[in-house]
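S.K.: Dropping a structure here in structure tokens format, bear with me for questions.
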Amino acid sequence: MATLKSLRVKNELGVINIFKYLIKKYKASRFSDEHGGPPIYILAIFFISTLLAVYAAFSYVGKIQAMATNLSYGIEVAAKTAFGNHAIPDTTNNGVQVSNAGAFQNEFISILQDQMKDWPRNTYTIRSLETFGESDRGSLPPTEFSNPVPGTSVYIKMDMHIKIDMGFIPVFTRWTIPIYVMVSSNSYDASTGAWNLAR
């Protein structure tokens, strides 16, 4: 019965034999260094560099997606908390409305900064924050948003700033990704497609 050590030796020999076979095939091909092509070591360095670049690119895509998700969650928590503290009954329209847009915005920013306290301050900037009441239900939303205003809600436009520095590859750049989020005090019923008013 084969021992773990003997299996490891066989695996190592198998990998070495594969490399020897690949080198032999390359030397025999018309693209080899013996036929005017680049040395196999240069090709290996190019291949490894390409793999590292692809890996780094996918890693950054995942990182950006996670950052955008965290920021969207922080925005939603901050907006809903601010709604809870600054919403008053709107008896005319049978719902609630924001009592003071300025106070709402200040509390939203304070809560968002607390939510994102582990992020550097220059990671995101708020471009605009616009509140709507129940009387605005069905009206046109701000630009960059498509669906009609669902009633008492806040529309937030932000920029997320990403710095890319791959380290082993001489690439350094900054990206600005716009983020548009609408948060309503009303709840959405997916089965009926209707917004239920907060009271």
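S.K.: Sorting R137, R121 by accessible area (1.4 Å probe), largest first, what list results?
M.R.: Details: R137 100, R121 170 Å².
The ordering from most to least exposed comes out as R121, R137.
S.K.: Over segment 70-197, with the other protein chains present, what is the accessible area per residue in square angstrom, probe 1.4 angstrom? Present the calculation step by step, with values, prior to reporting the outcome.
M.R.: Values: 7130 Å² over 128 residues.
Ligands and nucleic acids excluded, the result is 56 Å² per residue.
S.K.: Please report the carbon-and-sulfur percent of the accessible area for segment 46-199; probe 1.4 Å, protein heavy atoms only, DNA, RNA and ligands left out. Let's see the in-between values first.
M.R.: Working: 5050 of 9110 Å².
That share works out to 55 percent.
S.K.: Sticking with this one: Considering every Cα-Cα pair within segment 51-199, what fraction, in whole percent, is farther apart than 19 Å?
M.R.: Details: 6425 of 11026 pairs.
Result for the distance tail: 58 percent.
S.K.: Same structure again: Give the accessible area for D90 in Å² (nearest 10); use a 1.4 Å probe, count only protein heavy atoms, and leave out ligands, DNA and RNA.
M.R.: About 20 Å², ignoring ligands and nucleic acids.
S.K.: Something else: Could you tell me the relative contact order of segment 70-197? Use alpha-carbon pairs under 8 Å, at least six residues apart, and round to a whole percent.
M.R.: Values: 210 pairs, mean separation 26.9, N = 128.
That works out to 21 percent.
The values are calculated or read from the model by the stated rules, or taken from the named source; none is laboratory data. None of these values were measured; they are calculated from a predicted model. In case anyone asks, the SASA skips ligands and DNA or RNA and just uses the protein heavy atoms, side chains included. Shrake-Rupley method; radii C 1.70, N 1.55, O 1.52, S 1.80 Å.
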